[in-house]
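Below: one structure, written as structure tokens.
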Amino acid sequence: MIGPQTPHAQELHATKYRDTYETFDDYCIRYARTVSESEGHFRLLLSALRDQRILPAGRQQLAVGRPYDLTALNCYVGGQIPDDSAGIMEELKRSMLTLRTGGGCGWASRPMLLVPLVSWVVGTLCAVLSLARDIAEGR
């Protein structure tokens, strides 16, 4: 048997990292085909994925090779946020686009008074996006 060995692990992988009708083997082929540089590399990676000798990060398992606008990367560092409304809103717009594709955001800003405001707005956006996704997926 390839893939997760326990019923809980099988269900977890199926619900978090695969399409509804995608088997574990389909996932392995999708991932390996997308990141391989050659047929030989594909075969080696496919074997390692099937036997779980390699286990990519969850975000990568979900995003790589799928036809969705998702990112396989975890965190992006934003630019310095100017101390004016237009600059704050521009950075929030960039952050929303990053969060919308599944990435995370971090900033190094001056003055530090902006951090609580930006953190609250981004945290609220994350919660709203998460809730919208759950509703869309019927959870």
Examine the stretch 16-38 for a residue that is modelled with pLDDT under 75 and either charged (D, E, K, R) or on the phi > 0 side of the Ramachandran plot (or both), and state whether such a residue exists. no
Being of a type in the set (Ser, Thr, Tyr) and not in a helix (DSSP H, G or I) is the filter; apply it to the stretch 32-53 and report the residue that is nearest to His13 (Cα to Cα). Ser36
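The values are calculated or read from the model by the stated rules, or taken from the named source; none is laboratory data. Only a predicted model underlies this, so the values are computations on that prediction, with no experimental measurement involved.
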